[in-house]
1. Consider only pairs whose beta carbons are under 9 Å apart and that are at least six residues apart or on different chains; among these, list those whose first residue lies in segment 1-30 and is of a type outside the set (G, A, S) and open to solvent by 60 Å² or more (accessible area, probe 1.4 Å) and whose second residue is modelled with pLDDT under 90 and in a helix (DSSP H, G or I).
2. Going by the conditions given, is N273 over 19 Å from the mean Cα position of the chain (by Cα) and either touching a residue at least 12 places away in the same chain (Cβ under 8 Å) or surrounded by 15 or more Cβ atoms within 10 Å (Cβ to Cβ) (or both)?
3. Condition first: at pLDDT 95 or above and either more than 18 Å from E139 (Cα to Cα) or aliphatic (A, V, I, L, M) (or both). Now tell me which residues in segment 201-217 satisfy that.
4. I'm trying to understand the selection: among the residues of segment 218-257, which are in a loop (DSSP other than H, G, I, E, B), farther than 19 Å from A292 by Cβ and at pLDDT 90 or above?
5. Could you check how many residues of segment 185-200 are of a type in the set (V, I, T) and either at pLDDT below 95 or closer than 24 Å to R36 by Cα (or both)?
6. Please go through (1) farther than 16 Å from D281 by Cα; (2) out of contact with any helix residue (DSSP H, G or I) (no Cβ under 9 Å at 6 or more places or on another chain) for Q131 and return the number of the only condition it doesn't satisfy.
7. Taking segment 52-86, which residues are outside any helix (DSSP H, G or I) and at pLDDT 95 or above?
8. Could you tell me which numbered condition N171 fails, if it satisfies all but one of (1) under 21 Å from V297 (Cα atoms); (2) open to solvent by less than 20 Å² (accessible area, probe 1.4 Å)?
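The values are calculated or read from the model by the stated rules, or taken from the named source; none is laboratory data. Model, not experiment: these values are computed from the prediction. Because the Cβ atoms are built from the backbone with ideal geometry, glycine has one as well, and the counts that use them run over all protein chains shown. To get the accessible areas, we keep the full protein, side chains included, count just its heavy atoms, and leave off ligands, DNA and RNA. Shrake-Rupley method; radii C 1.70, N 1.55, O 1.52, S 1.80 Å.
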Amino acid sequence: MISLLIGWILDLLLGDPSWLPHPVVGFGKVIAQCERRLNHGGYRRLKGAVIAVLLIAIVFVMTYFLLRWLDGLSEIVSSIVGAILIFYCLAGTTLIREVRDVFLALDRSLEEGRKQVARIVGRDTSTLSAQEVRTAALETLAENLSDGVIAPLFWLALLGVPGMLAYKMVNTLDSMIGYKTERYRDFGCWAAHIDDIANFIPARLTALLMILVNGSFSMLRSQLRFVYRYGRNHASPNSGYPEAALASILDCRFGGPHYYFGELFDKPYIGTNTRPLTTNDMKKAVTINRRAEFVMVSIVLAISLLLY
């Protein structure tokens, strides 16, 4: 419980400082090295499956035995290391900063907005309109509330710090090789499916929390129906749900066709209102993110108190 509080407060205060070494960067380097060496020739799907399962298992086992060993030496040291690892696994503050920076950059020029949003999305941003830049930023804010906050906390509650860190490996694998492009279709197949499984409950929980913390209880039923209707309008079986929740709250439209790695992906739309998005929409979305994060942390703390 103390480790979670410290880790969460550190994320609120610091985010992900560029000067601080981050384990996810290390995950990325290992994944990239494996992909370069193995993603060619035959048996690509098998090789990708073995690498994905192996890397996730290694992270879980190493974290488990590290914390167990430290606990035997000193409970205080174990709690501090656990807090640091939790801090590394949470990305709420950094995400909000990045999305705010997109809107600020867009206020200066469209080109700056495109460059800024390219930091947080995988799609080609070079031809996006101002509306599409804002849409991309807010979609990412909603989707990554699940990936960067709610899902890690969910796996922390279920499997402790080792499960939380293993989830970050799952998410990193998917973000690097889980694409349906010619290069990654076979090698990243298992990484994508594992990520789908790991995020199935957290994505829907995220959508529910977003709607509940919005506070519009008179709109609760209609917003839940909106999420049920449009949550499936996404290439991912999960990402559409938090995006649909935010679209229902802001009464706007997300989705549509986009280019990824030079290939056009015709995504269905989430919502129907094509109204222009504004900085006020971003501020409201940030407030929703923070409230949902606070509620989820409170839930995990309550579970910890009940169990321990």
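1. M1/S304; M1/L305
2. On the way: over 19 Å from the mean Cα position of the chain (by Cα): yes; either touching a residue at least 12 places away in the same chain (Cβ under 8 Å) or surrounded by 15 or more Cβ atoms within 10 Å (Cβ to Cβ) (or both): yes.
The answer is yes for N273.
3. Let us first name the residues in segment 201-217 that are at pLDDT 95 or above, namely 201-213.
Listed by number, the residues that qualify are I201, A203, L205, A207, L208, L209, M210, I211, L212, V213.
4. Matches in segment 218-257: R232, P237, R253.
5. Keep residues of segment 185-200 that are of a type in the set (V, I, T), which gives 194, 197.
Going one step further and asking which of them are either at pLDDT below 95 or closer than 24 Å to R36 by Cα (or both), we end up with 194.
Of the residues in that region, 1 qualify.
6. Status for Q131: all satisfied but (1).
7. Residues satisfying the conditions do not exist here.
8. Status for N171: all satisfied but (2).
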